[in-house]
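Right, one structure below, let's go through it.
The values are calculated or read from the model by the stated rules, or taken from the named source; none is laboratory data. Bear in mind that the values here come from a model prediction, so they are computed numbers and not experimental data. Using ideal geometry, Cβ is built from the backbone for each residue, glycine included, and neighbour counts are taken over all protein chains shown.
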Amino acid sequence: MVSRDRGSATVWVLLAMAVVVAASAAAIGVGMATVARHRATAAADSAALRVAMSVLDGPVAACAAGAELARANSARLTDCEVSGADAVVRVVVTLPGVLRRFGVANGRARAGPASELSVVRRPGWAKSLQRDADTPETDKGSRTNPAS
């Protein structure tokens, strides 16, 4: 007598393999999207620095320099704001392969002089500065000449 369950293990193994392949494809897709987002962030950082360094050439020339650097990083500059010595840029990086249909990875960065609000202060930072100022400096490398 032949069992009705004969061959069912093959079906379960094929189903398990399909689940593993689908999960692997999803993990690879998430990894590729994450890499694209990091590339966009890096491209935005470098473009913002380039714009801030070129701000004395005028906002148009500075943004053109930032766009050139973004292109060198496989990104496209979509927005460039220059306000004084500050530069804020936005870039996009096209997602690779089949992920392209899901859109683009965005990056945004600001470059310029540090402002009062951007300085991070640790609790007790003023006390450590005062303690350093109160400590007498000794020059262990100098020698005194007893004959003089």
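From the list ALA44, ALA67, ALA85, ALA18, the lone residue that is loosely packed, with under 14 Cβ neighbours inside 10 Å and out of contact with any helix residue (DSSP H, G or I) (no Cβ under 7 Å at 6 or more places or on another chain) is ALA18.
Considering each of THR78, THR41, THR34, THR10 in turn, give the residue that is of a type in the set (S, T, N, Q) and touching a residue at least 60 places away in the same chain (Cβ under 8 Å). Don't jump to the end; show me each part of the working.
On the way: THR78 fails: touching a residue at least 60 places away in the same chain (Cβ under 8 Å); THR34 fails: touching a residue at least 60 places away in the same chain (Cβ under 8 Å); THR10 fails: touching a residue at least 60 places away in the same chain (Cβ under 8 Å).
Result of the check over THR78, THR41, THR34, THR10: THR41.
Scanning region 47-64 for residues that are surrounded by fewer than 20 Cβ atoms within 10 Å (Cβ to Cβ) and touching a residue at least 60 places away in the same chain (Cβ under 8 Å) yields a count of 1. Looking across LEU99, LEU77, one residue alone is at pLDDT 60 or above, crowded, with 18+ Cβ neighbours inside 10 Å and under 21 Å from the mean Cα position of the chain (by Cα). It is LEU77.
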